Amino acid sequence: MGYVKGLKCRECGRDYPKEPLHVCSFCFGPLEVSYDYDAIKAILTREIIESRGPNIWRYKELLPVDGIPHVGHHVGFTPLVKANNLGKILGVDKLYIKNDSVNHPTFSFKDRVVAVALSKAHEFGFDTVSCATTGNLGNSVAAHAVQGNFKSYIFMPATIEQSKIIGTLIYGINVVGVNSNYDGVNRLCSEIADKYGWAIVNVNLRPYYAEGSKTYGYEIVEQLGWKAPQHVVVPMAGGSLILKIQKAINEMYKLGLIDNAKTSFYGAQATGCSPITGAVKENLDAIRPVKPNTIAHSIAIGNPADGHYSKEAIKESGGWADDVTDDELVEGIKLLAETEGIFTETAGGVTVATTRKLIESGKLPRDETIIICVTGNGLKTQEAVIDKLNKPTIINPDIKEVDKIVEKQKNETAMV
Ligand SMILES: *Cc1c(COP(=O)(O)O)cnc(C)c1O
Ligand SMILES: [Zn+2]
């Protein structure tokens, strides 16, 4: 195993060795993992992939881990759900939900990136792992740190959702709430990486970490019957996931696993933190950083690391981007739950509501295949909906009280 050639600067193309590096020392461009695709093409087939276990490591030749993965053996291969009920409401026949709200073990797509990052951290010989998180990443680094017997420190804005804090504390590791938004936490973590020499998954291991997101794309293609989808709607925080789904589809085409890679990409953000969608819509050259103000905390990154590249990828693919208000995202959460029985978090609400907006404005064609990327679980962001739901009806254990409820329900349906 081991098809990684090294790291390459996205800007100037300089090559770097397989080390815990993330920026080019000549031009400060981001580094990306590069592979020996000829060697992979010579051995990898659909049949080999299909013969392997239902987890991200079925695509191991395309991941930057040389030996046996150290953690995350059950991550990935989440359902691709044909969304007939939601499709009916939106007027789309071929609508699918890629449902990472049930990813193992911490219920978001971040388990994919962390499984790769911590397996790599082990190969590099780190004993302490860390991250700057908007919530889900911290949950996942903490859980995998325990699996892999690392020490760990998780840094998060002090004001994120209760369930995301508890979902990190439960693993008994070091949790630090910082009085700042994510962008401040991230800057602090860059200093920590320099001073303490820890593996900070989204700082000094970022090139390796980000590759884990490709598995979300490989799975969509495989689950569609080895076909690239026509349209994919993706929530964006730093803008990495959307780029890596695109990279995944392009790689599969390059390796001869699929016949074409003509996929259009659509980015979704909350209006209260929309530096990338804003730049697409206004056709700006540069991303303007913003101060986040939205309940969609998991995607509230005001200065997105991959903002520029994701904006370019969206435009080149023939896609588009849009954003929705906090009220609209709550409607999106409820719409998905009430039609498909899937309870997603605020980021998923953003993606569903943005998809609806893009369909209604004609940017997404109703007669083609559309994938909605649901990346996180609604039980982690209950604050978002708690005041927007009916209260349960409380009764005594008496059948007559049930009769009253059923009668009332009948009358209400009759009135509609
Ligand atoms: C982190 C996150 C994203 C966005 O990821 P990026 O790769 O930073 O754009 C989307 N959805 C959820 C639930 C997340 O936690
Ligand atoms: Zn460079």
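Just so you know, all these numbers are worked out from the coordinates, no wet-lab data involved. Please read these numbers as outputs of a predicted model, since none were measured by experiment. Virtual Cβ from ideal backbone geometry, glycine too; neighbours counted across all protein chains shown.
Treating the angle as unsigned and between 0 and 90°, give the value, to the nearest 10°, between the Cα long axis of helix 136-147 and the longest Cα principal axis of the chain.
Rounded to the nearest ten degrees, it is 60.
In degrees, nearest 10, range 0 to 90: what is the angle between the Cα axis of helix 307-316 and the longest Cα principal axis of the chain?
So the helix axis and the longest Cα principal axis differ by about 80 degrees.
Find the percent of Cα-Cα distances in region 1-124 that exceed 23 Å, and round it to a whole number. Numbers along the way, then the final one.
Numbers: 3666 of 7626 pairs.
Summing the P(r) of region 1-124 above 23 Å gives 48 percent of all pairs.
Quick check on the chain: of the DSSP beta bridges with both residues there, what percent are antiparallel, nearest 5%?
Antiparallel: roughly 30 percent of the beta bridges in the chain.
Got a sec to turn the phi values of region 360-370 into Karplus ³J(HN,Hα) couplings, 6.51 cos²θ - 1.76 cosθ + 1.60 with θ = phi - 60°, whole Hz, x for Gly and Pro?
So the Karplus estimates, Gly and Pro as x, are 5, 8, x, 6, 10, x, 6, 9, 10, 6, 10 Hz.
If packing is taken as the mean number of other Cβ atoms within 10 Å per residue, what is the order of 51-64, 207-220, 310-323, highest first? Intermediate results must be reported in sequence, preceding the final value.
Details: 51-64: 19.2, 207-220: 26.6, 310-323: 21.0.
Put in order of decreasing packing, that is 207-220, 310-323, 51-64.
Excluding residues fewer than 8 places away in the same chain, name every one of the aspartates and glutamates whose C-alpha is closer than 12 Å to that of residue 311.
The qualifying aspartates and glutamates are 282, 285, 322.
So how do 328-334, 76-82 stack up, highest first, on mean other-Cβ count within 10 Å? Don't skip to the answer; put the middle values down first.
Working: 328-334: 21.9, 76-82: 19.1.
Peptide ranking by packing, descending: 328-334, 76-82.
Going down the table (82/410; 247/315; 214/254; 98/151; 247/357; 120/254), which pairs top 22 Å between alpha carbons?
Details: 82/410 31 Å; 247/315 15 Å; 214/254 14 Å; 98/151 32 Å; 247/357 26 Å; 120/254 25 Å.
Those over the limit are 82/410; 98/151; 247/357; 120/254.
Which of the lysines could be linked to residue 404 by a straight reach, that is with a Cα gap under 29 Å, when you skip same-chain ones fewer than 8 residues away?
Excluding near neighbours in sequence, the set is 334, 388, 391.
With the Cα gyration tensor of the chain in hand, give its eigenvalues times 5 under a square root as the equivalent ellipsoid semi-axes, listed largest first in whole angstrom.
Its equivalent ellipsoid spans semi-axes of 35, 25, 22 Å.
For the chain, take the longest principal axis of its alpha carbons; what is the angle in degrees between that and the long axis of helix 182-196, to the nearest 10 within 0 to 90?
That works out to roughly 30 degrees.
Quickly estimate the mean residue ellipticity at 222 nm for the chain, helices only: each DSSP H run with n ≥ 4 gives -39500 (n - 2.57), and the total goes over all residues, rounded to 500.
Numbers: 15 runs with 164 residues, N = 416.
Counting only the DSSP helices, I get -12000 deg cm²/dmol.
Using 0.36 nm per residue, how much length does the chain from residue 395 to residue 43 gain when fully extended, once their Cα-Cα distance is taken away? Show your work: numbers first, answer last.
Working: separation 352, 0.36 × 352 = 126.72 nm, distance 6.40 nm.
Extending this stretch completely gives an extra 120.3 nm.
Packing-wise, with mean Cβ within 10 Å as the measure, how do 122-128, 44-50 rank, highest first?
122-128, 44-50
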